[in-house]
1. Would a scan of segment B:379-388 turn up a residue that is at pLDDT below 90 and out of contact with any strand residue (DSSP E or B) (no Cβ under 6 Å at 6 or more places or on another chain)?
2. Please specify each residue of segment B:353-379 satisfying the condition of being farther than 30 Å from residue B:163 by Cβ and in contact with a helix residue (DSSP H, G or I) (Cβ under 6 Å, 6 or more places away or on another chain).
3. Looking at the structure I just gave you, is residue B:115 farther than 19 Å from residue B:170 by Cα, out of contact with any strand residue (DSSP E or B) (no Cβ under 6 Å at 6 or more places or on another chain), surrounded by 16 or more Cβ atoms within 10 Å (Cβ to Cβ) and not acidic (Asp, Glu)?
4. I'd like to check something: does segment B:683-693 contain any residue that is of a type in the set (Val, Ile, Thr), closer than 30 Å to residue A:41 by Cα and either away from chain A (no Cβ under 14 Å) or part of a helix (DSSP H, G or I) (or both)?
5. Picking from B:555, B:570, B:515, which residue would you name as being of a type in the set (Gly, Ala, Ser) and closer than 22 Å to residue B:494 by Cβ?
6. Pairs only if they're at least six apart or on different chains, beta carbon under 9 angstrom, first in segment B:637-664 and under 19 Å from residue B:525 (Cα atoms) and of a type in the set (Gly, Ala, Ser), second part of a loop (DSSP other than H, G, I, E, B) and at pLDDT 85 or above; list them, first residue then second.
Amino acid sequence: MDPLTQPIGLEHYLVVGAVLFVCGVVCMAAKRNAVGVLMGIELVLNGANLNFVAFGSEYLRPGSPYWIGLDGQLIALFVIVLAAAEAAVALAIALSFYNAHATIDVDQANELKR
Amino acid sequence: MELERLLPLLLGLAWLLPLASFALIVLLGPRMGRGGRCAGYVAILAIAAAMVLSLAALAAWLIAYPLGGDAHAAARAAKPISGDWYPLGVFGSLRITIGYYIDGLTVAMFAMVTLVATCIHVYSLGYMHEELEDVTDPLVTLSNGQTLTRRGRFHRFFQYMSLFCFSMLGLVIAGNVAMVFVFWELVGICSYLLIGFYIERKSACNAANKAFIVNRVGDFGMIVGLMAIWSGLGTFSFDKYEDSQGHTVPGIFSQVRPTSAEHALVVPDGMVRAAARAEIAEIYGTSPSVEEAEKTIRRLVPGWRSEGLGYGLLVIAGLGIFCGCVGKSAQFPLHVWLPDAMEGPTPVSALIHAATMVAAGVYLVGRFYPVFTPEVLLVIAVVGCITLFIAATIALTATDIKRVLAYSTVSQLGYMMLALGAGGWVAGLFHLFTHAFFKALLFLCSGSVIHATGTNEMPKMGGLLKKMPWTAGTMLVGCLAISGAGIPLVIGLSGYYSKDSILAQLYSYAAQNPAYGWLFYVAAGGAALTALYMFRLWFLTFVGKPRDEHVSAHAHESPKVMYVPLVVLAVFAAILGGNVPFTDLGLQPLLEQARPMGTAEGAPAGLFLPGVTMPAEHLSHADAIHTPVSLTAFAAALAGFLLAAAIYWWRVLDADALRRAFGPVYTFVRGKWCFDELYQFLFVRPALRIASLAAAVDKFAIDGLAHALARSVRLLSVFDDLIDRLFVDGLVNLTAQRVYAIGLRLREVQTGRLRQYVTWIAVGTVGLFVLVMFFWSYALAGP
């Protein structure tokens, strides 16, 4: 069954979410720039968020016996807020790190291993 | 407020204030002002407040029970106030409480003790001022040959003084014998601490120990007496009380002198029963029931009593109590500690070893007067008489100014005991009060002299009259008072009244019991000796030429803080004996009113002493007795004074020639009748020998055993140590090494590279996922 021929359903959202997630992880692992890493985190969070919204949508899963209301949407909103807070803190750390080391290369930030 | 609640409140507060001061000084001590100066103020404040309270209590008492009129009716009206503040514990029928027993004697004693103590506290502020700074004690040589320099102990002095005042007042107000005993020991420990105030001096150290140990001997007798009282009467309380079942338990005095017997001395049932144990056991053996046996015993007790059963126990109780008083009041044969106690600071000698603590023995004899049988009273009289003579003779030869006064104190205490023993309850206690004031005065004067001259030795003094007019004047008043100066039959200083009443009672006693007439003659001779040694002291110190240039140049009048108390005490020493003019308000009527029930009428002959009867004290006031006695006493005192003046003032007689004339006698008396040597030989040396024997046993037998044990334990522990090191330690170390190595390995995983971590997380998650996919059994994961 070719998904491209199907009407838009839950699976399509999950595929997009998974792609986003993997992009995010790869971005986190590959980027040396701290801002890039942060972007990767945003992608990971948004990929997961997409899954929450999709699973929580009544339209995408009509008649499902497991549908339990707006919990998915609520958690998604919660994740967005968390992401905003996390981004604020992380950017502050990045800025502070730049002030101290004149770089935001995460490979340079290995002082905590000692 | 009614008297029954007012007096315990006033006197209880007066009693506890010095304790509060003591506690405060203990806690703050040297931090109270520079050198602890404020400690003195606190102590003075406490004792002065106590004095005000005590005088208020005295006033309240006098208002409630006016003096004068019919003395016997007054004595019956003025019932003692007794009760308990705090029950400490009830063990069967034994009841230990903190209680009070307040009668005229208690109130008067409170006023006297607080008054004298206040004067002495104020005086000490001046006398002890050297202790505010660091003190160099020239009498102590250290092992490196230098003299000792130490921190001042001003606060400690006042701390002990406060504790002493508290203990002394507690002893006076105590409502039962157990409490009396506790405070009896407390004043003893205060005395010990203050005699040893200059603890670095070997002599002070020895004197403190001597005082304490000699008092233990007396206290042993006292404990025997207490046990006799407890086993015979079943109570320690002076007055009746209600036990937990609501029964009224009669007190000691009402058991010994029941109202039913018109307050005559009766052997109490308990003592009769204790003596008739064998008969009682037999009755119990033969009777059908306990009630029956009790009924029979109750019927038989009067018969046993008239046979004399139990009387011996009563005598033992009395002798035991008196034994404690012998120790505390320094009576023969336990008088040896008091002269040595002069090692303490002079205010201590004045307060503790002249005015109050040593008088506590006399006070206790007065308190327990109803319990004493005629036999005990005779013993008291004889002991007092011997003491008075021995001490007076030693006082004649002593050259240390404080020792003269100390022996004088012993001698005067002998007078009190003699008076009490001869039936003169009022006379003996009257002398206690007057003596407290003039002897405290004399001691403080001697302290002032010592303070000024820096020496105790009278042969180094002389001619101080001009340099120290206040001291000399007040001391003259004291000397006149103790000698009993006065215009015979008209008026006199306090000692005149008290000594006259003692001698009058003795004269009356001698008239009734000619066999004991010598008591009177010794006492009258003692009066002459008193005047002789007192004026010897005064003349040697204050008149004549200065005998030591250095001492004389150094001398000066003491500061005001020291001589004002002297003046106050001198006024009291002068006027205390007489009544307030045109009234019956005075010490003697107060004591007359406080007299214990049943002791006013004299005493019949005792069981073991059929020949001796006690004349009633009021008989001695008759002119037929009073006039000759008064004249005799005056003549004796005058003779003593004239002799002293002839030798030491006018120099008509040469002291050295007299000394040579009485060679062996002088040496014997100067050596204090060799009591110290005798006791050294009889008790101290054998005790030390036994101690060294015990020490040898301890060293060789017990120490040897202990050492052997220790060695074997040590051997065992060496083995134990080996096992510990090799096995236990090895295991622990091995574990630690392994853990450390693993830790080092794991450390390498932490590279610090963020991206690597992310990769690991991703790979790990995927790996976990794969594992779960392949190996997770769905049966376990649930539906």
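The values are calculated or read from the model by the stated rules, or taken from the named source; none is laboratory data. Computed from a predicted model, the values in this text were never measured in an experiment. Every residue, glycine among them, receives a Cβ derived from its backbone with ideal geometry; neighbour counts consider all protein chains shown.
1. The answer is no, given that none of the residues of segment B:379-388 is at pLDDT below 90 and out of contact with any strand residue (DSSP E or B) (no Cβ under 6 Å at 6 or more places or on another chain).
2. Answer for segment B:353-379, where residues must be farther than 30 Å from residue B:163 by Cβ and in contact with a helix residue (DSSP H, G or I) (Cβ under 6 Å, 6 or more places away or on another chain): B:370, B:372, B:373, B:375, B:376, B:377.
3. Judged against the criteria, residue B:115 is not a match.
4. So far as segment B:683-693 goes, no, none of its residues is of a type in the set (Val, Ile, Thr), closer than 30 Å to residue A:41 by Cα and either away from chain A (no Cβ under 14 Å) or part of a helix (DSSP H, G or I) (or both).
5. Within the list B:555, B:570, B:515, the selection yields B:570.
6. B:637/B:484
Quick grid of which residues meet (1) at pLDDT 85 or above; (2) part of a loop (DSSP other than H, G, I, E, B); (3) under 31 Å from the mean Cα position of the chain (by Cα); (4) of a type outside the set (D, E, K, R):
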residue	(1), (2), (3), (4)
B:230	yes, no, yes, yes
B:245	no, yes, no, yes
B:255	yes, no, yes, yes
B:260	no, no, no, yes
B:263	no, yes, yes, yes
B:266	no, yes, yes, yes
B:288	no, yes, no, yes
B:304	yes, no, no, yes
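Let's see how each residue does on (1) crowded, with 20+ Cβ neighbours inside 10 Å; (2) within 27 Å of the chain's Cα centre (by Cα); (3) free of Cβ contacts under 8 Å to residues at least 60 places away in the same chain; (4) within 30 Å of residue B:418 (Cβ to Cβ):
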position	(1), (2), (3), (4)
B:463	no, no, no, no
B:466	no, no, yes, no
B:475	yes, yes, no, yes
B:479	yes, yes, yes, yes
B:487	no, no, yes, yes
B:497	yes, yes, no, yes
B:501	yes, yes, no, yes
